[in-house]
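J.: My questions all concern the structure below.
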Amino acid sequence: QPLVGASLSELTEWVRQQQQPAYRGKQLHQWIYEKGLRSLSDVSVFPKSWREDLADYPIGRSQIHFQAPALDGTIKFLLRLSDGQIVETVGIPTEKRLTVCVSSQVGCPMGCDFCATGKGGFQRNLERHEIVDQVLTVQEAFQQRVSNVVFMGMGEPLLNTDNVLGAVRSLNEDIGIGQRLITISTVGIPGKIRRLADEQLQATLAVSLHASNQALRTQLIPSARQYPLEALLSECREYVKITGRRVSFEYVLLADRAF
């Protein structure tokens, strides 16, 4: 299991399994989340012989396949994962914060009419470490702490709930990003918003509504056929009641398109 995304207690247990003292778990945690560790052979505070033995142990970091900077400072990254799949993440700087738009899947199965990712098909869910790595990559590239994370990249986060929840906890507890500064965006998957509510996260839920009536929403989002608008809104009301947190609704505006 790659080490990125692991908590302090998980890393401490891992070093103990390696017959090392427990305090090395804290050292490893610092090197992963503060120093952007890519190989255990680089951890200078570890014994040299142990570093050599673990030189090929998977950390869970991706490689930058391509990056495209924009005039406003935004940088889009294409990251190559360990199995060769490519995933997209975006660093968005402003005067006071650095936001990362992360992907939760390689491709997307939802097939929304306006979305290029959906037209490319679905490959697989991202693992917890592959989501957290996106934030570490942007942080490293910008040489600046990430302040906000939005799950608005490739994929439908609530079709990968376990790994997304694990990543949110790691982003919060290990990297130090406040849960209220993390947004999970979804087009709506039956039962999954309630699952999110039961977790009692402080993250913001954003629903990609894109239409105020069922007919147009179904045209834009094929999955809406199985999830009527009223059912989606009912689950959102339940989410607010359980969590006390507001729900944001998102629209995409397309020029010169008639539906």
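J.: Give the distance, in whole Å, between the Cα centre of the stretch 56-72 and the Cα centre of the stretch 160-239.
T.: The two parts, judged by their Cα centres, are 27 Å apart.
J.: A further question follows. If the viscosity is 0.692 mPa s and the temperature 37 °C, what translational diffusion coefficient in µm²/s does Stokes-Einstein give for the stretch 153-225 when Rh comes from Kirkwood over Cα pairs?
T.: Answer from the Stokes-Einstein relation: 247 µm²/s.
J.: Continuing with this model, one more query. Over the Cα atoms of the chain, compute the convex hull volume and normalise it per residue, giving Å³.
T.: Per residue, the Cα convex hull of the chain comes to 139 Å³.
J.: How long are the semi-axes of the ellipsoid equivalent to the stretch 1-91, from square roots of 5 times the Cα gyration tensor eigenvalues, in whole Å, largest first?
T.: Equivalent ellipsoid semi-axes, largest first: 30, 14, 12 Å.
J.: Still on this structure, I have one more. What's the long-distance tail for the stretch 71-175, i.e. % of Cα pairs beyond 18 Å?
T.: Looking at the stretch 71-175, the distances longer than 18 Å represent 45 percent of pairs.
J.: Still on this structure: Between Val45 and Phe114, what length comes free when the chain is fully extended (0.36 nm per residue of separation minus the Cα-Cα distance, one decimal in nm)?
T.: Numbers: separation 69, 0.36 × 69 = 24.84 nm, distance 5.03 nm.
Result: 19.8 nm gained on full extension.
J.: Still on this structure: For Ile75 and Glu52, compute 0.36 nm times the residue count separating them, minus their Cα-Cα distance, and round to one decimal in nm. Present the calculation step by step, with values, prior to reporting the outcome.
T.: On the way: separation 23, 0.36 × 23 = 8.28 nm, distance 3.51 nm.
Extending this stretch completely gives an extra 4.8 nm.
J.: Classify the stretch 86-140 from the C-alpha gyration tensor, please: rounded if a/c falls under 1.5, else prolate or oblate depending on whether a/b exceeds b/c.
T.: It is oblate, given that a/c is not under 1.5 and a/b is not larger than b/c.
J.: If you only keep lysine pairs separated by 8 or more in sequence, or across chains, how many in the stretch 1-131 come under 29 Å at the Cα atoms?
T.: 7
J.: Continuing with the same structure: Quick check: from the Cα gyration tensor, does the stretch 203-259 come out rounded (a/c under 1.5), prolate or oblate?
T.: Here the stretch 203-259 falls in the oblate category.
J.: So which GluC sites (Glu not before Pro) in the stretch 154-259 pass both tests, a DSSP loop state and at most 16 other Cβ atoms within 10 Å of the Cβ?
T.: Glu199
The numbers here are math on the coordinates, done by the rules we state, and not lab data. What you are looking at is a predicted structure, and each value in this text was computed from that prediction instead of being measured. Don't worry about glycine lacking a Cβ; one is built from the backbone with ideal geometry, like all the others, and counts go over all protein chains shown.
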